[in-house]
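> Input: one structure, supplied below.
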Amino acid sequence: MNYTYKQIWLINLPIMVSLLMEQLINFTDSVFLGHVSPTALGASALATMYYTAIYMLGLGFSLGIQVVIARRNGERKYTETGRVFYQGLLLLSLFAIVIFGLSKLFSPALLRIAITSDSVYRATLQYIEWRDYNYLAAFPLLAIRAFFIGTTHTKILTLNSVIIILCNILFNYLLIFGNGGFPRLGISGAAIGSSLAEFIGLLFLIRHIQQVDGKRYGLSAIFDFKLSLHLISISVWTMVRSFFCIAPWFLFFVAIEHLGESELAAANIVRSISMLFFVIVNSFATTTISLVSNLIGGKQTSDVIPVCHRSILLTYTTGIPLILLAFAFSEDLLQLFTDDRAVVQTAFYPFCVMLSTFIISVPAYTYCNAVIGTGNTKIAFVFQMINIMLYLVYLFILANTPGIPLAVFWTSEQVYVTVLFVLSLLYLQKGKWENKRILK
């Protein structure tokens with residue numbers, strides 16, 4: 001099981017397309033809302049970051065499940081692979097219901113505390129009120145995705161993602177502007193469209209998982225309390241870590257919101273574009289989790305670091321040409337979101353800083369996800385908390401220094417990935433991870 005460049009690419013491509021399509025949901029929401037008003041565009045940034053921070057709890061839980069699935073798949077214990085998937089699906093479905101209820105109860109008060117502008121607060125709340133329903137579809141979908149990624153059968157994820165984004169574009173067109181006889185719902189229409197698209201994606205994957213060989217993978221509705229506890233013990237660290245990956249972004253936009261609505265709108269544009277590049281980094285990093293766990297399960301620990309290096313090189317090969325194209329056509333790209341010339345000009349220098357961050361983020365996220373793939377999810381969480389503290393201190397200094405331009409705020413991401421890179425690389429070079437067990 002020696003993963004070549006070609007094998008890594010073929011496993012990664014459907015994952016990258018899947019993640020890209022998910023980010024295109026937020027991207028298309030921003031493009032449509034940018035032509036509604038600067039307030040709607042800025043509010044969608046806060047709303048999306050708030051939603052995504054909570055969504056990352058489910059994603060983090062699914063990453064823990066993915067590690068265990070990949071390890072059992074590498075050990076060729078296919079029946080246990082299926083049992084892990086089923087328990088994960090059940091746990092994430094229950095978790096979705098809990099998160100949905102808590103968000104309905106507490107989101108209005110939390111957003112009111114964080115947002116000073118009344119108009120931005122109202123628009124943000126309108127979005128969240130409907131995007132909440134997305135958790136009920138997204139979390140079970142994450143469990144199914146973890147199964148396909150963990151077993152390296154990722155092709156179906158591409159088609160599923162295409163279906164989701166096409167549905168989202170259609171619903172946005174109909175509901176945001178009131179086309180085709182539908183009511184004009186503005187920012188609420190964007191949230192409704194995104195949630196409906198995710199439900200359709202879930203139904204598609206449910207139909208496909210039914211066609212998987214149930215006897216081979218042990219896909220049966222049997223609840224295993226002991227296995228569930230083991231999954232929780234592994235996944236709780238990736239869950240909390242994933243939440244803290246995104247939560248600072250929400251605080252970042254809260255800080256930007258105090259600069260003014262034009263700066264907030266510009267920051268949302270840069271963030272929307274940055275997430276498309278992050279898809280490239282994150283897809284290879286997510287692939288690395290499964291490859292590392294499969295290698296350790298197959299007792300091929302000496303191949304872990306070489307696989308990380310191949311993944312990094314492939315990420316650069318994919319991303320750097322796109323970075324250069326984005327810079328060359330920066331004005332056209334920024335104008336996709338808004339006709340407001342002042343917002344476009346405000347966004348240019350932060351956009352350049354964001355593009356440069358890609359270089360260090362590639363090894364940072366690859367090595368960090370390799371740490372997760374070893375099964376030591378707790379140490380990855382510790383790295384995350386160290387990062388968060390340094391990030392927040394840096395952001396606090398910037399927010400309390402008068403006259404700091406928006407581009408300088410964006411250097412906080414560079415601080416974040418640099419620290420992550422150093423900690424993760426040191427652990428892989430010196431840590432005792434080769435024989436880490438993830439289940440008793």
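> Where the second residue is among the acidic types (Asp, Glu) and open to solvent by 10 Å² or more (accessible area, probe 1.4 Å) and the first is under 21 Å from THR288 (Cβ atoms) and lies in region 67-83, which pairs have Cβ atoms under 6 Å and are six or more apart or on separate chains?
If the second residue must be among the acidic types (Asp, Glu) and open to solvent by 10 Å² or more (accessible area, probe 1.4 Å), the pairs left are ARG72/GLU80.
> Got a number for residues in region 293-350 being surrounded by 13 or more Cβ atoms within 10 Å (Cβ to Cβ), assigned to a helix (DSSP H, G or I) and acidic (Asp, Glu)?
Residues in region 293-350 being surrounded by 13 or more Cβ atoms within 10 Å (Cβ to Cβ), assigned to a helix (DSSP H, G or I) and acidic (Asp, Glu): 1 in total.
> Still on this structure, please answer the following. Based on this model, can you work out whether ARG122 counts as open to solvent by less than 20 Å² (accessible area, probe 1.4 Å) and among the basic types (Lys, Arg)? Walk me through it before giving the result.
Values: open to solvent by less than 20 Å² (accessible area, probe 1.4 Å): no; among the basic types (Lys, Arg): yes.
It is false that ARG122 is open to solvent by less than 20 Å² (accessible area, probe 1.4 Å) and among the basic types (Lys, Arg).
> Part of a loop (DSSP other than H, G, I, E, B), over 23 Å from PHE284 (Cα atoms) and over 20 Å from the mean Cα position of the chain (by Cα) - does that describe any residue in region 162-175?
The answer is no; no qualifying residue exists.
> Then there is this: Kindly check whether there is at least one residue in region 241-250 that is open to solvent by 10 Å² or more (accessible area, probe 1.4 Å) and free of Cβ contacts under 8 Å to residues at least 12 places away in the same chain.
Checked against the condition, which is being open to solvent by 10 Å² or more (accessible area, probe 1.4 Å) and free of Cβ contacts under 8 Å to residues at least 12 places away in the same chain, region 241-250 yields no hits at all.
> Which of the residues that make up region 159-185 are open to solvent by 40 Å² or more (accessible area, probe 1.4 Å), in contact (Cβ under 8 Å) with a residue 24 or more places away in the chain and not hydrophobic (A, V, I, L, M, F, W, C)?
The one that is open to solvent by 40 Å² or more (accessible area, probe 1.4 Å), in contact (Cβ under 8 Å) with a residue 24 or more places away in the chain and not hydrophobic (A, V, I, L, M, F, W, C): TYR173.
> Okay, moving on. Quick one: count up the residues across region 310-327 that are of a type in the set (Val, Ile, Thr), over 13 Å from SER361 (Cβ atoms) and in contact (Cβ under 8 Å) with a residue 24 or more places away in the chain.
Residues meeting the conditions: 1.
> Can you report the number of residues in region 384-406 which are over 21 Å from LEU231 (Cα atoms) and open to solvent by less than 20 Å² (accessible area, probe 1.4 Å)?
Of the residues in that region, 6 qualify.
> Same structure again: Suppose we filter THR39, THR81, THR52 for residues that are more than 17 Å from VAL236 (Cβ to Cβ), within 22 Å of the chain's Cα centre (by Cα) and either open to solvent by less than 40 Å² (accessible area, probe 1.4 Å) or modelled with pLDDT of 85 or more (or both); which single one remains?
THR52
The values are calculated or read from the model by the stated rules, or taken from the named source; none is laboratory data. No experiment lies behind these values; they were computed from the predicted model shown. A quick note on method: Cβ atoms are made from the backbone with ideal geometry, for glycine too, and the neighbour counts reach across all protein chains shown. Remember, those area values only see protein heavy atoms, side chains included, never the ligands or the DNA or RNA. Shrake-Rupley method; radii C 1.70, N 1.55, O 1.52, S 1.80 Å.
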